[in-house]
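Participant: Sharing a structure below in C-alpha cells format, with a few things to ask.
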Amino acid sequence: MATLRKYPVGIQSFEKIRTDGYIYIDKTPLIYKMITEGCPYFLSRPRRFGKSLLCSTLEAVFQGRRELFEAFTTKGGIEQPQLFITTTDWEWQPHPVIRFDFSKAGVYTLEVLDNLIDDTLSQYEREYGLTPQIGEGSNTRFISIITEAHRQTGRRAVVLVDEYDTFMLHSIGNSELEEGVRTSFSSLFSPLKALDDHLQFVFITGISKFSQMGIFSTLNNLKNISMSPLYESLCGITEEELTTFLRKDIERLAENQGETYDATFSKLKRMYDGYHFCEDMTDIYNPFSLFNAFDSGRISDYWFDSATPSAVIGMLAQMPPVQLTDIDGVTCPAEDFDTPFNSYANPIPVLYQSGYITIKDYDREYDEYTLGLPNFEVRKGFANSLYQYVVAAKGFDTNKNALYRAYNRFRRSDELPPFIEAVKVFFAGIPYYLNEKGEHHYDVILYTLLTAFGADVIAEEPSAKGRADIILKMAKGIYVIEIKYDDTADEALKQIDQRGYADKYRADGRPITKVGIAFSSKERNITEYKFVREK
C-alpha cells in the first residue's frame, strides 16, 4: 500500500520537511543561481508564501548539509527525491550562518525587539566563544560576531534576515515606537556593507520595500529581486509544478470529491492561482492554500485569515476608503510599488505587497501595470473585510448572516423575490447617515456582500453599449441587474434592453433574468423591483 503524501502545512524548517518525509517543491535551481552570483539580495513576498522555508533552505545549503538534498529514505519509509543542487558543482563547504527571524515575536514592542536582537546576538557570541559585550551597541556586537566567525572558520559568513519588517508594520501609526524600531534596526544592520570582505552572502525578506523604511539606507548594494523575472517563482508554486510534481495530489483530491481531474484542477486554479510578481506573468499559486486543500481533502478558504496581520488592516483603516469595484483593474506605474506603507495616502502598495492584489497585465510601451484581485479565495476574504469597514466597523451590524441564509436559499431555489426582500431588510438596518451616497453606494454594498458570500459576481461588466451594474452567475441562471436611484424599475429594465447588457450571455445556455431595482433617496432603500426571465 502506497504511503500517503505528507504536506508541509505551517512547517518552515527545511530539515524537518526532508527528514520527516514532507513534500518539497524543488527551488534549488533558483537558489543555486542566487548563491553562485553572490549578491546581497532582498525579496518581498506576501505572508505564507514560503519566505521562511527559503531562508531555512539557504541555511542548510551554506551549512554544507548535502545529505538533506540527496535522495534518501526517511525513517518512516518515505522516499525523498534528489534535489537539483546536488547535480551542480556546488562545493558544500560549511560557512558560518547568522540568521535573524522577526516573524515569531507575537508582541511587537520596542522592548521585545531589543530582547530578540540581544538573544540572537548572544546565541552567536556563545557559539564563537565571545564574551557578551554588555553596554555595547548591537552593531559593535554584530561586527565582532561576523569577523570572529570568519577568523575561526576561514570562511566568510552568511547573514539571513527573515521577515525584517514585522516590527515596522506593527509600529506604524505610533511615531515614537516607529522611530525606536527604525533606530534599533539601523544600528544593527548598518555594518553590513562595510563588512563585505567578511560576508559570503546576505539575504533579507519581508513583505514591504526595504528602501522606504530607512532601515537599510546604508545597504545600497542590496539587489532587489522582488519583481525580477529570473526569480518570480522562487516562492510559491507554478502551474507547471502543480500539474507535474503535484499531479497525483490533484488526482487524489478529485477522487475524494467525486470529480474529474479537470474539474478539480479548474477549482484549484480559480481559488488559489492568479499571482504574478513581474511583467512575465508566470502563474503562481498560493502554496499555503494548496497544501491545506490537499491535506484536508477540501477546496476551501485558508490563506486570508491566517495571512492578514492586524497591522495591515489598521493601515487600510487610516487610508482613503477602498471599494472592491475600484481596485480590480487599477493601473499604476512601477514606482507606485515602492510607496512607503506609512504615507497613508495610497492603499495600492499596501494591498499589493500584502498579497491582496497582484499584477494582472503589463503595458511595455508605457511601463504601466494593471492590478487586480488574484483569485476567488482572496476576493471573498477581502470583500468580507470591506463589509466590516462599510457597516460593522462603525458599530452597526445589520445581520449579514440572515442575508447570507437568504442568498443560499436563493441559490438552491432560483426564486428571486425572497432574496430581494432580505436585501431590503438588510439595507433598512443601516443608519441613515451611512446611506446617503447615491446609486454607486448601493451598487458597491450589494456587490461586496455577494462577493463575500462566494457568489460568481461581476460589477460594471462592459458591453458594446455600456456597463451593467451587476452580473450574478448562479448554477440555475444568470441575473443581469441594473440599479436606479430615484428612478423606476421599469427604467432600469429598459436600459438593460436598450444597451444589450444580456446579449453576451445568451450563448451560455443558462436562463437569463433581467432585474431592475429602484432605490429611493428618501426611503434609503429599495422601493420597487421588477424582473423578466427570458424563455
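The values are calculated or read from the model by the stated rules, or taken from the named source; none is laboratory data. Just so you know, these numbers come straight off a predicted model, no measurement behind them. When we count neighbours, we look across all protein chains shown, and the Cβ atoms used for this are built from the backbone with ideal geometry, even at glycine. Only protein heavy atoms, including side chains, enter the accessible area calculation; ligands, DNA and RNA are left aside. Shrake-Rupley method; radii C 1.70, N 1.55, O 1.52, S 1.80 Å.
Participant: For the range 241-257, which positions are open to solvent by less than 70 Å² (accessible area, probe 1.4 Å) and either out of contact with any helix residue (DSSP H, G or I) (no Cβ under 7 Å at 6 or more places or on another chain) or of a type outside the set (Gly, Ala, Ser) (or both)?
Facilitator: Glu241, Leu242, Thr243, Leu246, Asp249, Ile250, Leu253, Gln257
Participant: Find the helices (runs of 4 or more DSSP H) located wholly in the range 301-415 whose residues include 1 or more that are at pLDDT 70 or above and not hydroxyl-bearing (Ser, Thr, Tyr), and list them.
Facilitator: The helices (runs of 4 or more DSSP H) meeting that bar are 303-306, 324-327, 347-354, 376-390, 400-413.
Participant: Hey, Ser296 hits all of (1) over 24 Å from Asp361 (Cα atoms); (2) at pLDDT below 90; (3) exposed (fewer than 15 other Cβ atoms within 10 Å of the Cβ); (4) small (Gly, Ala, Ser) but one; which does it fall short on?
Facilitator: Going through (1) over 24 Å from Asp361 (Cα atoms); (2) at pLDDT below 90; (3) exposed (fewer than 15 other Cβ atoms within 10 Å of the Cβ); (4) small (Gly, Ala, Ser) one by one, Ser296 breaks only (2).
Participant: Say we look at the range 129-166 and pick out the residues that are open to solvent by 30 Å² or more (accessible area, probe 1.4 Å) and touching a Lys or Arg at 6+ places or on another chain (Cβ under 6 Å); which of these is farthest from Val202 (Cα to Cα)?
Facilitator: Going through the qualifying residues, I end up with Gln133.
Participant: Now a separate question. From the set of residues in the range 483-506 that are under 37 Å from the mean Cα position of the chain (by Cα) and closer than 18 Å to Leu416 by Cβ, which is surrounded by the most Cβ atoms within 10 Å (Cβ to Cβ)?
Facilitator: Tyr501
Participant: From the set of residues in the range 94-121 that are surrounded by fewer than 16 Cβ atoms within 10 Å (Cβ to Cβ) and either part of a helix (DSSP H, G or I) or at pLDDT 95 or above (or both), which is nearest to the chain's Cα centre (by Cα)?
Facilitator: Out of the qualifying residues, it is Val112.
Participant: Just need a number here: residues in the range 11-54 that are in a helix (DSSP H, G or I) and free of Cβ contacts under 8 Å to residues at least 40 places away in the same chain.
Facilitator: So the first thing to find is which residues in the range 11-54 are in a helix (DSSP H, G or I), and the list is 14-19, 28-37, 51-54.
Those left that are additionally free of Cβ contacts under 8 Å to residues at least 40 places away in the same chain: 16-17, 37.
Summing the residues that are in a helix (DSSP H, G or I) and free of Cβ contacts under 8 Å to residues at least 40 places away in the same chain in the range 11-54 gives 3.
Participant: Now a separate question. Can you report the number of residues in the range 274-293 which are closer than 13 Å to Phe49 by Cβ, β-branched (Val, Ile, Thr) and modelled with pLDDT under 95?
Facilitator: Residues flagged as closer than 13 Å to Phe49 by Cβ, β-branched (Val, Ile, Thr) and modelled with pLDDT under 95 within the range 274-293 amount to 0.
Participant: Still on this structure: Pro229 passes all but one of (1) over 18 Å from Thr28 (Cβ atoms); (2) surrounded by 15 or more Cβ atoms within 10 Å (Cβ to Cβ); which number fails?
Facilitator: (2)
Participant: Considering each of Thr264, Thr260 in turn, give the residue that is open to solvent by 40 Å² or more (accessible area, probe 1.4 Å), modelled with pLDDT of 90 or more and among the hydroxyl-bearing types (Ser, Thr, Tyr).
Facilitator: When all the criteria are applied, what remains is Thr260.
A quick yes/no check of all residues on (1) aromatic (Phe, Trp, Tyr); (2) crowded, with 16+ Cβ neighbours inside 10 Å; (3) at pLDDT below 90; (4) more than 36 Å from the chain's Cα centre (by Cα):
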{"residue": "Ala459", "(1), (2), (3), (4)": "no, yes, yes, no"}
{"residue": "Asp469", "(1), (2), (3), (4)": "no, yes, yes, no"}
{"residue": "Ile481", "(1), (2), (3), (4)": "no, yes, no, no"}
{"residue": "Asp508", "(1), (2), (3), (4)": "no, no, yes, no"}
{"residue": "Ile512", "(1), (2), (3), (4)": "no, yes, no, no"}
{"residue": "Gly516", "(1), (2), (3), (4)": "no, yes, no, yes"}
{"residue": "Lys522", "(1), (2), (3), (4)": "no, no, yes, yes"}
{"residue": "Val532", "(1), (2), (3), (4)": "no, no, no, yes"}
